[in-house]
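Single-structure report; data block below.
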Amino acid sequence: MTHNIVLIPGDGIGPEVAEAAQRVLGATGVRIDWDRVECSEKVIRETGESIPTPVVKAIERHKLALKGPVTTPIGGGYQSVNVALRKKFDLYSNVRPVKTMPNLITRFSDVSLDMVIFRENTEDLYSGIEHEVVNDVVTSLKVITRRASLRIAEAAFTYTHRFGRKKVTSVHKANIMKLADGLFLRCCREVAAHYPEIKYNELIVDNAAMQLVAKPEQFDVLLMPNLYGDIMSDLAAGLVGGLGVVPGANIGDHHAVFEAVHGSAPDIAGRGIANPTALLLSSVMMLRHLLELSAADRLQNAIEMVYKDAKFLTADVGGNATTNQFADAVISHLA
Ligand code: NAI
């Protein structure tokens with residue numbers, strides 16, 4: 001069977017890691033018909049659309065995309081294309097597995113981590129509802145709804161159950177935001193009650209941040225509203241070697257976009273030295289989503305073998321290989 005998948009290379013290091021992922025996926029033997037569409041800072045500025053129409057049409061048609069990062073201006077300019085995509089296709093589950101790579105030396109190499117972060121992806125402070133009340137006074141609305149909280153909690157518990165994980169930890173600040181985070185927590189508890197075999201606990205976000213650094217091995221599945229999830233997942237990425245090694249997926253009921261956690265990395269773009277691991281591991285998640293389970297396992301193993309050998313690692317994880325050399329090493333392990 002051939003899968004039709006949208007490829008959005010993005011900009012910055014996006015096209016470099018996307019090309020590597022496309023080559024590696026080709027070597028898995030899974031048949032993919034790519035529909036490549038441009039979505040970059042340049043195209044967005046030229047067209048004036050927060051998501052260029054060909055991108056919307058392609059995702060509507062094929063339902064599935066592999067995406068590189070896209071640059072977003074800070075403190076002004078157009079809306080983030082990522083936020084726009086998540087809203088447009090109602091990709092409410094942001095799933096970020098954080099796993100220690102074999103042999104990879106980090107400040108936390110003495111512990112082996114394997115956790116998955118579920119971040120609500122459509123509301124909270126990312127609702128983008130901001131208002132200048134009077135000059136120099138701005139409000140930004142944090143929106144939490146029962147519907148969105150219940151479905152992200154359900155996604156986290158379903159995943160925990162399906163993959164035989166043991167514990168879900170909800171992260172909140174309901175001691176201060178009693179109504180908003182209070183509602184989020186009530187929804188998590190409601191869903192938790194349907195899964196008595198799964199251990200459930202709750203942590204206030206500031207304590208959770210400290211615990212993540214002090215005792216990260218205690219975590220299994222983490223469940224959070226949008227903003228805490230965004231921050232904590234980058235923190236968790238730092239525990240296992242940085243943004244270059246952590247994958248992600250944005251999943252809704254009808255569409256899914258698989259993408260790395262990292263951005264367009266303008267500081268290293270165009271030099272061919274970006275680490276493609278994050279997008280490759282996102283590709284593993286995509287293969288599982290497509291039920292190409294054996295190819296997913298083979299690709300995961302091949303990536304881990306490259307870390308075990310430690311001969312073709314990129315600079316961000318202590319090596320001096322290029323993006324293409326890393327990809328070639330993965331391909332040779334697949335063979
Ligand atoms: P960033 O993730 O692009 O870079 C942070 C640091 O990590 C940089 O030092 C970079 O060189 C390094 N890094 C990131 N990915 C790497 C990789 N694969 N290999 C080696 N090193 C890597 O974050 P930053 O600088 O905050 O954002 C840059 C731009 O990317 C911004 O315009 C931001 O809005 C956008 N962005 C886009 C995302 C997306 O499209 N999904 C996600 C996050 C940021």
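When R107 is tested against the conditions (1) assigned to a loop (DSSP other than H, G, I, E, B); (2) surrounded by 13 or more Cβ atoms within 10 Å (Cβ to Cβ), the lone failure is (2).
Only residues that are within 13 Å of the ligand (Cβ to nearest atom) and closer than 24 Å to T277 by Cα were counted across the range 36-68, and they come to 7.
Scanning the range 158-207 for residues that are farther than 17 Å from E120 by Cα and part of a helix (DSSP H, G or I) yields H161, R162, D206, N207.
Can you list residue pairs whose Cβ atoms sit under 8 Å apart, with the first residue in the range 29-48 being touching a residue at least 40 places away in the same chain (Cβ under 8 Å) and the second being assigned to a strand (DSSP E or B)? Count only pairs 6 or more apart in sequence or on different chains. If the second residue must be assigned to a strand (DSSP E or B), the pairs left are V30/H3; C39/I8; C39/K67. Do we have H262 as assigned to a loop (DSSP other than H, G, I, E, B), modelled with pLDDT of 95 or more and under 20 Å from the mean Cα position of the chain (by Cα) here? The answer is no for H262. For K215, the requirement of being without any contact (Cβ under 8 Å) to a residue 24 or more places away in the chain and over 13 Å from H172 (Cβ atoms) is met. The residues in the range 114-149 that are touching a residue at least 12 places away in the same chain (Cβ under 8 Å) and over 21 Å from L85 (Cα atoms) can be counted, and the count is 4.
Looking only at the range 282-312, which residues are touching a residue at least 60 places away in the same chain (Cβ under 8 Å), of a type outside the set (K, R) and farther than 25 Å from L7 by Cα? Those that are touching a residue at least 60 places away in the same chain (Cβ under 8 Å), of a type outside the set (K, R) and farther than 25 Å from L7 by Cα: Y307, A310.
Restricting to the range 281-326, and then to whatever is under 16 Å from V30 (Cβ atoms) and out of contact with any Leu (no Cβ under 8 Å at 6 or more places or on another chain), can you tell me which residue is surrounded by the most Cβ atoms within 10 Å (Cβ to Cβ)? Among those residues, the one meeting the criterion is L281.
The values are calculated or read from the model by the stated rules, or taken from the named source; none is laboratory data. Small disclaimer: the values here were computed from a predicted structure and weren't measured. Here Cβ is always computed from backbone atoms with ideal geometry, including for glycine, and neighbour counts include all displayed protein chains.
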